[in-house]
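The values are calculated or read from the model by the stated rules, or taken from the named source; none is laboratory data. This one's a predicted model, so the numbers in the text were calculated from it and none came from an experiment. In this analysis, Cβ positions are derived from the backbone assuming ideal geometry, glycine residues included, and neighbour counts consider all displayed protein chains.
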Amino acid sequence: MKRRFIIKNLFFWQGLSLSDYQQYFASDALRDFPDLERFIQQGYCYQNGSRLQLTETGMALSDCLAPVFVSPEVMLRENRQR
């Protein structure tokens, strides 16, 4: 559920609400997914208050970035279906 929440929110213009994530999962998204910090450091997203939003570069690369949050189990299942 956490991965789905990230994918369904971060990769849209409004971005990921860190406070909503905290409320739903009683957990910190940046701790749960260290790749989010890496994306910030690489300039793919930025923190705007309690929200993470993709930069222009991040949005352009979103099809490459999103799979980072797909679980190994789902990737394996998708590869078997091909």
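Can you tell me which residue is modelled with the lowest pLDDT among those in the stretch 48-82 that are farther than 16 Å from residue 38 by Cα and hydroxyl-bearing (Ser, Thr, Tyr)?
Across the stretch 48-82, the extreme among qualifying residues is 71.
Provide a single number: the residues in the stretch 31-52 that are among the acidic types (Asp, Glu) and farther than 16 Å from residue 20 by Cβ.
2
What number of residues within the stretch 3-36 are more than 9 Å from the chain's Cα centre (by Cα) and in contact (Cβ under 8 Å) with a residue 60 or more places away in the chain?
Final tally of qualifying residues: 0.
Filter the stretch 29-69 down to the residues that are among the β-branched types (Val, Ile, Thr) and surrounded by fewer than 15 Cβ atoms within 10 Å (Cβ to Cβ), then identify the one that is nearest to residue 7 (Cα to Cα).
By that ranking, first place goes to 68.
Scan the stretch 11-23 for residues that are surrounded by fewer than 13 Cβ atoms within 10 Å (Cβ to Cβ) and at pLDDT 95 or above and report the count.
The total comes to 2.
Mind checking which residues of the stretch 1-45 are out of contact with any helix residue (DSSP H, G or I) (no Cβ under 8 Å at 6 or more places or on another chain), assigned to a helix (DSSP H, G or I) and small (Gly, Ala, Ser)?
Selection gives 19 alone.
Just to be sure before I move on: is residue 76 touching a Leu at 6+ places or on another chain (Cβ under 8 Å) and in a helix (DSSP H, G or I) in the structure I sent?
The answer is no for residue 76.
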